[in-house]
Amino acid sequence: MTPPKYLTGDKAGIDEFLSRFDVFLFDCDGVLWSGDYLFPKVAETIDMLRSKGKQLVFVTNNSTKSRADYKKKFDKMGITASEEEVFGSSYSAAVYVARILKLPAPKNKVFVLGETGIEQELKSEGVPYVGGTDPAFRRDIEPEDFTNLANGSALDPDVGIVLIGLDFHVNYLKMATAHQYLQRGALFLATNTDSTLPMAQSLFPGAGSAGAGVSKAVGKDPLSLGKPSQAMMDAIEGRFHFDRSRTCMVGDRLNTDIQFGIDGKLGGTLAVLTGVNKKEDFLAEGATTVPMAYMDQLGDLMG
Ligand SMILES: O=C(O)[C@H](O)[C@H](O)COP(=O)(O)O
Ligand SMILES: [Mg+2]
């Protein structure tokens with residue numbers, strides 16, 4: 001396997017690398033920012049790529065925000081980007097449920113274990129849902145809940161799907177409710193299953209960790225509609241119509257971003273070291289997911 005090219009400080013190498021691509025798919029957490037911390041020269045780098053006529057798409061697995069929420073975050077962070085350039089895992093999952101799965105109503109309702117981003121995108125696709133940020137679920141489980149869940153009186157008979165994502169308000173009542181729906185045959189989907197979330201320049205439990213309890217209880221993993229799922233890649237290509245050979249995926253996580261680009265047979269992948277993975281993870285002998293190139297941080301593209 002060809003070793004990745006290190007581009008930080010290599011102006012000629014950077015120019016040659018950029019000349020290979022017309023489209024850049026950008027991961028967000030760990031690449032552009034860590035929570036509300038913007039990495040150095042990110043806004044300038046985005047502007048530089050636009051000045052070179054590059055098409056940009058922001059492809060995040062973070063399902064806590066909708067495309068509209070991300071537009072607000074881009075504005076707050078001083079990054080030039082439009083809502084139409086965002087394609088997050090919550091939107092990917094909503095498109096999959098509404099346009100691919102297309103369960104016949106009324107059994108197409110979704111029980112959400114996640115935040116407002118999932119709810120907003122399901123709503124944008126006309127998919128009914130329960131759970132999510134509903135305050136009725138933000139409480140301790142009581143003895144009568146066990147009875148009402150077990151006999152189905154606390155369940156919505158129209159729920160045919162359980163969709164899990166990053167949920168900052170996970171609790172036993174929500175897990176037990178999801179588990180009951182799954183035991184009754186509901187489909188098990190996830191926006192993504194990242195194990196960790198880059199925040200405050202550290203790592204925290206990610207969507208995969210938030211949903212792990214439900215997976216363990218039901219004895220199977222969900223179908224993930226986020227990176228590296230190629231259902232997401234196909235949906236993005238269908239929306240933006242790009243030449244995969246002239247497209248580069250930029251990310252901080254090997255088993256989502258870089259794998260997404262490799263499996264999608266994109267022209268290239270660029271890893272940055274400001275998020276989850278370190279260079280040792282892909283330089284090690286026998287590394288299975290190796291990017292085409294890597295840099296210390298995205299802003300190093302400014303040369
Ligand atoms: O746990 C998660 O949901 C992910 O770690 C996180 O949100 C990833 O976001 P991305 O790096 O794909 O922007
Ligand atoms: Mg990331």
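Charges on Cβ only, +1 for Lys and Arg, -1 for Asp and Glu, centred on the Cα centroid of the chain; of ALA190, HIS169, THR247, which one is farthest towards the dipole's positive end?
In the chain, that residue is THR247.
What shape does region 79-145 take by its C-alpha gyration tensor, where a ≥ b ≥ c are the square roots of the eigenvalues and a/c under 1.5 counts as rounded, a/b above b/c as prolate, and the rest as oblate?
oblate
Distance from the Cα centre of region 233-300 to that of region 99-123, in angstrom?
What the calculation gives is 29 Å, centre to centre.
Can you give the accessible area of LYS72 in Å² (nearest 10), computed on protein heavy atoms with a 1.4 Å probe?
Rounded to the nearest 10, that gives 140 Å².
If you place +1 on the Cβ of every Lys and Arg and -1 on the Cβ of every Asp and Glu, how big does the dipole about the Cα centre of the chain come out, in debye to the nearest 20?
With only Lys, Arg, Asp and Glu charged at Cβ, the dipole is about 460 debye.
Along the charge dipole of the chain, which of GLY226, THR133, THR64 sits closest to the positive end, that is, farthest toward it, with unit charges on the beta carbon of Lys, Arg, Asp and Glu (+1, +1, -1, -1)?
GLY226
How large is the Kirkwood hydrodynamic radius of region 14-71, in angstrom, based on all distinct alpha carbon pairs?
The Cα-based Kirkwood calculation yields 12.6 Å.
Averaged per residue, what accessible surface does the chain expose to a 1.4 Å probe, in Å²?
Ligands and nucleic acids excluded, the figure is 42 Å² per residue.
Between region 168-192 and region 198-215, what's the alpha-carbon centroid distance in Å?
16 Å
In nm², what is the average projected area of the convex hull enclosing the Cα atoms of the chain?
With the hull built on Cα positions only, its mean projection is 15.6 nm².
Of all the accessible heavy-atom surface of the chain, with the other protein chains kept in place and a 1.4 Å probe, what percent is carbon and sulfur?
Taking all protein chains in place, the chain shows 54 percent carbon and sulfur surface.
Say a paramagnetic label sat at a point 7 Å from the Cα of GLU142, along Cα to Cβ; which residues of region 174-197 have their backbone N under 13 Å from it?
Once the point is set 7 Å along Cα→Cβ of GLU142, nothing inside region 174-197 turns out to lie under 13 Å by backbone N.
Which of ASP167, ASP29, ASP47 ends up with the largest GNM mean-square fluctuation for the chain, with Cα atoms connected below 10 Å?
For the chain, modelled as a Gaussian network with Cα springs under 10 Å, the answer is ASP47.
Give me the percent of Cα-Cα pairs in region 138-217 that sit more than 20 Å apart, rounded to a whole number.
Roughly 37 percent, rounded to a whole number.
Can you return the lysines within cross-link range of LYS76? Criterion is Cα-Cα under 19 Å, with same-chain partners fewer than 8 residues away left out.
Within the straight-line cut-off, LYS76 pairs with LYS41, LYS65.
How do VAL31, VAL218 rank by accessible surface area computed with a 1.4 Å probe, from largest to smallest?
VAL218, VAL31
How much of MET48 can a 1.4 Å solvent probe reach, expressed as accessible area in Å² and rounded to 10?
Surface open to solvent at MET48 totals about 30 Å².
Would you compute, from DSSP H runs of 4+ residues alone, the mean residue ellipticity of the chain at 222 nm, taking -39500 (n - 2.57) per run and dividing by the full residue count, rounded to the nearest 500?
So the calculated ellipticity at 222 nm is -9000 deg cm²/dmol.
Return one number: the angle in degrees, 0 to 90 and rounded to the nearest 10, between the long axis of the Cα atoms of helix 172-183 and the longest principal axis of the Cα atoms of the chain.
80 degrees
For LYS73, tell me the accessible area in Å² from a 1.4 Å probe, rounded to the nearest 10.
20 Å²
With all protein chains present and a 1.4 Å probe, how do HIS179, HIS241, HIS169 order by accessible area, largest first?
HIS241, HIS169, HIS179
The values are calculated or read from the model by the stated rules, or taken from the named source; none is laboratory data. Just so you know, these numbers come straight off a predicted model, no measurement behind them. Here the Cβ is made from the backbone with ideal geometry for all residues, glycine too, and neighbour counts use every protein chain on show. Quick note on the areas: whole protein, heavy atoms, side chains included, nothing else; ligands and nucleic acids left out. Shrake-Rupley method; radii C 1.70, N 1.55, O 1.52, S 1.80 Å.
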